[in-house]
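> Below is the structure I would like to discuss, written out as structure tokens.
Only the coordinates and a few stated rules stand behind these numbers; no lab work does. Being a predicted model, the structure only gives us computed values, none of them experimental. When we count neighbours, we look across all protein chains shown, and the Cβ atoms used for this are built from the backbone with ideal geometry, even at glycine.
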Amino acid sequence: MKTNSKHFAAISVMGKDRPGIVASITRVLFKAGCNIEDSSMTRLRSEFAMIVLADLPPRLDSAALQKLFVPLQEKEGLSILVRGITATEEKRGKSAWKSHMLSVYGADRPGIVYRISRILAARRVNITDVQTNKRGSAYVMLLEIELPKKLPLKSLNATLQKEARALHVNIGIRPVESPQL
């Protein structure tokens, strides 16, 4: 087991949605002495997904934490994966990035997420959050993205608008000021 300074784990959870999943997961973390630093949870139709970044106590490593989740996995039928992360990975700097919100809407068709994310990846744009929703034949995608400070927004927008015409969708992009928590 690890005995040095702060170390972290990313815990991902997936399973059929039901009341009590969050309480069950966080109970294991609390009993193990972990501190939740960041988390995101969502439900898509009947499926639940959660990712938690936790600060582990000095004598607990990610492999030992994974073992603590085994009874819960067996009892509740959840898929739980624990991955150790370094403090460097956990504390990625934001100074070289500009936050933006990208919206895409129009008629649904295969490939929208791929074609937009391909453009972003080619320009080293980091996608930090994606939400998609299909209602009838309409499709909406919202992406929180981080642009490298050296990437001209005008150039990115021109490429996105060209792709929007090819996909027959509307695309908008705007800067976002992130609130300091």
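> Given Cβ point charges of +1 (Lys, Arg) and -1 (Asp, Glu) and nothing else, what value in debye, to the nearest 20, does the dipole of the stretch 7-90 about its Cα centre take? Don't skip to the answer; put the middle values down first.
Working: 10 positive and 10 negative charges, 82 e Å.
So the magnitude is around 400 debye.
> Turning to a different aspect of this structure: Hey, if you put +1 on the Cβ of every Lys and Arg and -1 on every Asp and Glu Cβ in the chain, which of Gly77, Leu160, Ile51 ends up farthest toward the positive end of that dipole?
Leu160
> Pick from Lys134, Lys16, Lys75 the residue whose mean-square fluctuation is largest in a GNM of the chain, springs joining Cα atoms under 10 Å.
Greatest mean-square fluctuation among the candidates belongs to Lys75.
> For Cα pairs less than 8 Å apart in space and 6+ apart in sequence, what is the mean separation divided by the residue count of the stretch 7-90, i.e. the relative contact order in percent?
On the way: 138 pairs, mean separation 38.7, N = 84.
Relative contact order for the stretch 7-90 comes out at 46 percent.
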